[in-house]
Amino acid sequence: MAHIPKLRAPGTEALIFDMDGTMVDSMPWHARAWVEFGRRRGLAIDIPDFMRRTNGRTAFECACELMGREVSEAESAEITHQKESIYRELFGAEFREVAGFRAFARAAAARGLKTAVGTAGDKHNITFTMSLLALDPPPLAIVGGDEGLPGKPQPAIFLEAARRIGVSPSRCIVFEDAPFGIEAARRGGMQAVAICSSHSAEQLAGPHVIAAVRDYEELANSKFLETLDAVA
C-alpha cells in the first residue's frame with residue numbers, strides 16, 4: 001500500500017516519532033483496555049468514537065472526554081492509573097513493534113539523523129514501551145503527555161521535541177498513525193510520514209504528508225532514508 005512520492009524532504013535533520021501505533025502496534029490493546037476499564041466501572045463506552053476523539057490527546061484530556069466534564073487532577077490520575085495498568089498488562093503479554101521500526105530507527109541514526117519521541121503517553125507508558133523496545137541508540141529526547149503541554153492536534157509536543165534536540169521544525173519529519181498527530185505536525189510546520197497501522201492513508205492525508213506506508217519495512221524497501229540529506 002506504500003504511497004511514496006518522488007519529491008522528498010531535502011535538508012532533513014531529525015525524525016520525531018509518535019509512540020503508540022507508530023513505534024509500537026499498541027492501539028488495539030488501548031481499545032481493549034478501555035473496554036475492560038468500562039466494564040469495571042460500569043460505564044458504557046462507544047470505543048470507536050472514543051478512540052477517534054482521544055487518539056493523540058493527553059491522559060487528562062482523555063479523562064475529561066470520558067466523563068464529559070472537567071475532571072480534577074486526582075480523578076484524572078485515578079482513571080489514568082487504572083486504565084493504563086490494564087493496558088500494560090494486556091499489551092505486555094503480546095508486545096510488538098510496528099514492523100521494521102527498530103531497524104529503521106537504527107539506520108536513521110547511522111545516517112546522522114537525530115531522533116526524538118513526541119507522545120501523548122505518560123511517563124509510565126513511556127518507560128514501559130522504551131524498556132521493551134530497547135532502542136540502540138536511544139532517542140535523543142522524549143516528550144510525554146504528562147509534562148503540562150496540550151495534546152495533539154496542538155503542535156506543542158512535537159515543537160518541544162524539536163527544541164530539545166536543537167533542530168528547526170522545518171527540518172523535522174514527524175511519523176504519526178493518527179489524524180490528530182498528522183494535524184499537529186502541520187500546525188508545527190513539519191512534514192509528516194503517515195504510518196497506516198490504525199488509520200487509512202486517506203484519513204492521514206495532508207499537503208505536508210510526504211509518504212503513507214503500512215510499516216517501516218515498506219519505508220526501508222523504498223530507500224526512503226537514502227533520499228534525505230543527513231550528514232553522517
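A few points about this structure:
- When Lys123 is tested against the conditions (1) out of contact with any Asp or Glu (no Cβ under 8 Å at 6 or more places or on another chain); (2) at pLDDT 95 or above, the lone failure is (1).
- Any hit, the range 169-181, residues being of a type outside the set (Lys, Arg), surrounded by fewer than 19 Cβ atoms within 10 Å (Cβ to Cβ), at pLDDT 95 or above and assigned to a helix (DSSP H, G or I): yes
- Hits in the range 199-232 (condition: crowded, with 21+ Cβ neighbours inside 10 Å and of a type in the set (Gly, Ala, Ser)): Ala211, Ala212
- Hey, Ala109 outside any loop (DSSP other than H, G, I, E, B) and closer than 18 Å to Asp177 by Cβ or not: no
- Top-ranked residue in the range 182-232 [being of a type in the set (Val, Ile, Thr) and outside any loop (DSSP other than H, G, I, E, B); ranked as farthest from the chain's Cα centre (by Cα)]: Thr227
The values are calculated or read from the model by the stated rules, or taken from the named source; none is laboratory data. Note that the coordinates shown come from a computational prediction; the quantities given were computed from them, not determined experimentally. So basically every Cβ, Gly included, is an ideal-geometry build from the backbone, and we count neighbours across all protein chains shown.
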